[in-house]
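So the structure is just underneath, and the comments pick up after that.
The values are calculated or read from the model by the stated rules, or taken from the named source; none is laboratory data. Everything numeric in this text was worked out from a predicted model, so none of it was measured. Because the Cβ atoms are built from the backbone with ideal geometry, glycine has one as well, and the counts that use them run over all protein chains shown.
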Ligand code: PEP
Ligand code: MG
């Protein structure tokens with residue numbers, strides 16, 4: 001047994017999980033086998049224990065964790081308290097000295113003050129093999145003795161993050177018996193990096209699968225980029241598949257500050273392949289060596305710098321099904337019923353996700369099951385063959401995103417997370433809203449393809465006088481949206497783009513990184529306005545529900561509201577939080593400067609003409625010329641529909657019916673509440689009456705009318721709206737074709753009717 005608190009990685013091996021956790025032990029084992037692992041040292045689990053004991057913080061720390069973890073606010077308070085206790089305690093002097101001297105030695109070996117990664121490697125005293133992967137934090141690009149010491153403490157503190165506390169309680173682990181080893185390892189300034197599976201991760205077939213992207217591997221591990229995909233036959237060494245994705249962002253070291261930042265991938269590299277054949281085959285060799293070393297298939301993280309390959313981590317693949325488990329049942333009757341939110345059928349293994357830390361569980365072709373999806377789950381939603389949720393209606397996050405991804409989904413089942421369990425084979429019918437136990441006769445499960453680089457038009461389309469547009473919420477859906485051959489984008493929801501960022505807008509502002517935030521907005525909106533150019537794209541200003549934004553890093557300041565749907569969102573929010581509105585306007589101006597004169601600006605959730613007036617003034621004062629840029633409002637609140645003439649008087653180019661909200665506000669039915677979903681009726685005569693009134697008034701005034709709520713995707717509604725004289729209809733990607741056919745047919749019917757009437 002090793003007694004030292006701080007030890008070199010090469011001094012440990014796979015038998016030392018209790019000392020350095022699974023990650024540390026595996027790194028040591030690989031170094032012993034002379035694999036190219038970046039050098040480093042470990043501040044052991046016992047060192048962490050000693051830190052707690054010598055500071056005398058045992059009782060204070062662990063009693064702060066005895067809380068109701070199902071209450072998010074209480075849990076967050078417990079996290080704050082526990083982390084404060086750790087950060088306020090002192091690292092014992094001898095330990096501090098050892099950490100400093102090991103770091104110095106590392107610098108000496110490398111002849112430079114090196115950048116290191118400080119990674120968490122947790123271990124349970126009684127169950128050293130328990131996996132806590134992804135629960136704790138990693139700190140990248142740390143340099144300097146003091147910064148290393150701070151990062152070690154932050155690593156320790158991350159053992160008491162809300163996610164980690166929740167996980168341990170739910171899994172029955174005693175907080176007092178879980179320790180954390182901090183692994184301090186030299187950073188590889190990777191030009192490219194990713195993951196690989198030494199055998200097929202679900203079937204165990206003898207193929208090596210490699211995923212890679214530009215920059216550090218975190219983007220691939222977290223799923224924030226679509227990586228390239230390579231599949232190699234282990235025996236013949238044939239590279240059987242290469243899918244080259246469009247890679248928009250890379251995680252890299254800022255040469256000026258040394259901090260890790262997200263950067264747009266240079267244009268010439270976006271669609272370029274990350275790995276050449278030589279690199280692919282060398283990686284396969286390492287995969288073979290690692291599988292041999294550990295005796296079982298491995299899930300490996302790798303990086304490449306100056307053609308040199310580094311292995312950053314290797315752990316067993318836990319998802320391979322044993323033969324007897326693959327004997328699937330044939331599905332008969334449905335076990336769950338909900339709302340069919342995105343059409344299509346698929347089967348696969350259920351994977352229950354309680355928060356973003358578990359996204360890694362969802363492999364290509366699995367069925368993602370969650371209480372409700374959140375924006376940080378989008379990378380896993382892309383891999384999923386289908387999605388099932390407990391909560392939500394047809395316009396909830398899961399429904400909107402799965403339709404954009406073309407992924408079957410059933411929402412509002414009430415008890416999917418209760419009835420289904422990890423690994424259970426299920427079939428999802430996203431049309432009928434049913435979930436079956438076992439495998440039904442449907443096409444083989446297909447995972448979402450990496451973002452396609454090329455656009456293909458498969459069908460000729462009828463020409464319609466009423467424009468048929470498409471809604472877009474996530475930039476990843478742009479290619480599919482363009483392929484619909486829509487006449488433009490009738491709604492681009494920017495909040496989904498913001499929710500996809502690593503942190504809350506306020507956090508960017510707090511860190512003095514407002515410019516970075518504006519750049520993010522610009523680059524994401526640009527993907528859509530560029531792909532559709534010169535067709536119009538109506539970009540909606542922020543419509544952020546506080547409950548969703550609160551979950552983001554730095555989102556603690558979001559107000560807690562009894563009913564967020566009636567609360568601080570839409571334009572009322574921007575008119576109060578002008579600091580954020582300002583940044584949106586900066587992004588719009590930059591896009592206009594870049595020549596995107598096809599962009600229009602749409603204001604959500606207006607209830608009084610003064611809101612439109614103030615919003616226009618704000619933007620005008622900051623240089624937006626409404627003679628050149630179209631401006632419009634969403635009609636989502638009955639008040640706006642009833643006094644539409646007063647809005648027109650303020651100066652408007654267009655209005656768009658947001659029937660998702662218009663329905664909930666007119667009928668007093670929460671759109672996300674599955675308990676009242678039976679009352680949610682977009683075709684209610686009261687709603688049709690409001691719409692009719694607005695179309696008549698706008699047509700009189702020469703203001704364009706459109707619809708971007710879910711009702712516009714219903715061909716029957718489209719028919720009625722064309723009859724009423726609407727200018728355009730914006731539908732979901734999957735509905736554009738059917739809506740366009742209906743619009744064309746209705747227009748012909750109207751012409752025929754008029755011709756007949758003229759004759760008689
Ligand atoms: C609507 O309310 O119909 C709409 C399109 O906006 P959102 O669904 O984003 O609230
Ligand atoms: Mg709305």
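Of all residues in the range 650-662 being in a helix (DSSP H, G or I) and in contact with a helix residue (DSSP H, G or I) (Cβ under 7 Å, 6 or more places away or on another chain), which is nearest to ligand 1 (Cβ to nearest atom)?
Looking only at the range 650-662, we keep the residues that are in a helix (DSSP H, G or I), and these are 650, 659-662.
This time we only want the ones that are in contact with a helix residue (DSSP H, G or I) (Cβ under 7 Å, 6 or more places away or on another chain), so: 650, 659-660, 662.
Values: 650: 21, 659: 5, 660: 3, 662: 7 Å.
Here the residue is 660.
Name the residues in the range 565-584 that are part of a helix (DSSP H, G or I), within 15 Å of ligand 1 (Cβ to nearest atom) and surrounded by 19 or more Cβ atoms within 10 Å (Cβ to Cβ), would you?
Looking only at the range 565-584, we keep the residues that are part of a helix (DSSP H, G or I), and these are 565-566, 570-576, 578-584.
From the residues that got through so far, the ones that are within 15 Å of ligand 1 (Cβ to nearest atom) too are 565-566, 570-574.
570, 571, 573, 574, listed by residue number.
Against the definition (surrounded by fewer than 17 Cβ atoms within 10 Å (Cβ to Cβ), at pLDDT 95 or above and over 30 Å from residue 252 (Cα atoms)), how does residue 90 come out, yes or no?
Here the answer is yes, as residue 90 does meet what is asked.
Quick check on this structure: which one of 692, 697 is outside the structural domain of residue 397 (by TED's automatic domain parsing), free of Cβ contacts under 8 Å to residues at least 40 places away in the same chain and under 23 Å from residue 653 (Cβ atoms)? Steps first, answer last, please.
Numbers: 697 fails: free of Cβ contacts under 8 Å to residues at least 40 places away in the same chain.
On inspection, the qualifying residue turns out to be 692.
What residue, among those in the range 1-16 that are in a helix (DSSP H, G or I) and surrounded by 23 or more Cβ atoms within 10 Å (Cβ to Cβ), is modelled with the highest pLDDT? I'd like the intermediate steps shown before the answer.
First, pick out the residues of the range 1-16 that are in a helix (DSSP H, G or I): 9-11, 14-16.
Next, only the ones that are surrounded by 23 or more Cβ atoms within 10 Å (Cβ to Cβ) stay: 9, 16.
Numbers: 9: 94, 16: 89.
So, considering only residues that are in a helix (DSSP H, G or I) and surrounded by 23 or more Cβ atoms within 10 Å (Cβ to Cβ), the one modelled with the highest pLDDT is 9.
Residues being more than 16 Å from ligand 2 (Cβ to nearest atom), crowded, with 16+ Cβ neighbours inside 10 Å and over 26 Å from residue 702 (Cβ atoms): count how many of those fall in the range 642-683.
So the count comes out to 2.
Any chance you could count how many residues in the range 488-512 are more than 15 Å from residue 732 (Cβ to Cβ) and either touching a strand residue (DSSP E or B) at 6+ places or on another chain (Cβ under 9 Å) or away from ligand 1 (no atom under 16 Å from the Cβ) (or both)? Let's see the steps before the verdict.
Of all residues in the range 488-512, those more than 15 Å from residue 732 (Cβ to Cβ) come to 494-495, 497-512.
Applying the additional criterion that residues be either touching a strand residue (DSSP E or B) at 6+ places or on another chain (Cβ under 9 Å) or away from ligand 1 (no atom under 16 Å from the Cβ) (or both) yields 494-495, 501-512.
Residues that pass the stated criteria total 14.
Go over the candidates 587, 531 one by one and state the one that is away from ligand 1 (no atom under 16 Å from the Cβ) and at pLDDT 95 or above. It would help to see each step written out before you state the result.
Working: 531 fails: at pLDDT 95 or above.
Sole residue among the options that is away from ligand 1 (no atom under 16 Å from the Cβ) and at pLDDT 95 or above: 587.
Restricting to the range 663-684, give me the number of residues that are at pLDDT below 95 and either in contact with a strand residue (DSSP E or B) (Cβ under 7 Å, 6 or more places away or on another chain) or part of a helix (DSSP H, G or I) (or both).
6
Answer yes if at least one residue in the range 720-731 is within 16 Å of residue 605 (Cα to Cα) and assigned by TED's automatic domain parsing to the domain that holds residue 492, and no otherwise. Please lay out each step first, then the result.
Step one: list which residues in the range 720-731 are within 16 Å of residue 605 (Cα to Cα), which gives none.
No; the residues of the range 720-731 include none that is within 16 Å of residue 605 (Cα to Cα) and assigned by TED's automatic domain parsing to the domain that holds residue 492.
Look through the range 592-612, keep the residues that are over 11 Å from residue 539 (Cα atoms) and outside any loop (DSSP other than H, G, I, E, B), and return whichever of them is farthest from ligand 2 (Cβ to nearest atom). Spell out the reasoning first.
Just the residues of the range 592-612 that are over 11 Å from residue 539 (Cα atoms), to begin with: 592-597, 605-612.
Narrowing further to those that are outside any loop (DSSP other than H, G, I, E, B): 592-593, 609-612.
On the way: 592: 25, 593: 29, 609: 19, 610: 20, 611: 15, 612: 16 Å.
In this case the residue turns out to be 593.
Scan the range 291-299 and give yes if some residue there is part of a strand (DSSP E or B) and at pLDDT 85 or above, otherwise no. I'd like the intermediate steps shown before the answer.
First pass over the range 291-299, keeping only residues part of a strand (DSSP E or B): 298-299.
Checking the rest, the ones that are also at pLDDT 85 or above come to 298-299.
Within the range 291-299 (the criterion being part of a strand (DSSP E or B) and at pLDDT 85 or above), the answer is yes, since at least one residue qualifies.
Table: residues versus (1) in the same structural domain as residue 60 (by TED's automatic domain parsing); (2) over 30 Å from residue 284 (Cβ atoms); (3) modelled with pLDDT under 90.
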position	(1), (2), (3)
96	yes, yes, no
102	yes, yes, no
107	yes, yes, no
111	yes, yes, yes
117	yes, no, no
147	yes, yes, no
151	yes, yes, no
170	yes, yes, yes
178	yes, yes, no
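Any chance the range 552-564 includes a residue that's modelled with pLDDT of 95 or more and within 15 Å of ligand 1 (Cβ to nearest atom)?
Quick first cut of the range 552-564, residues modelled with pLDDT of 95 or more only: none.
No, the range 552-564 contains no residue that is modelled with pLDDT of 95 or more and within 15 Å of ligand 1 (Cβ to nearest atom).
Do we have any residue at all in the range 203-221 that's free of Cβ contacts under 8 Å to residues at least 12 places away in the same chain and at negative phi? Break it down into steps so the answer makes sense when it comes.
Start the filter on the range 203-221 by keeping residues that are free of Cβ contacts under 8 Å to residues at least 12 places away in the same chain, which leaves 205.
This time we only want the ones that are at negative phi, so: 205.
Yes.
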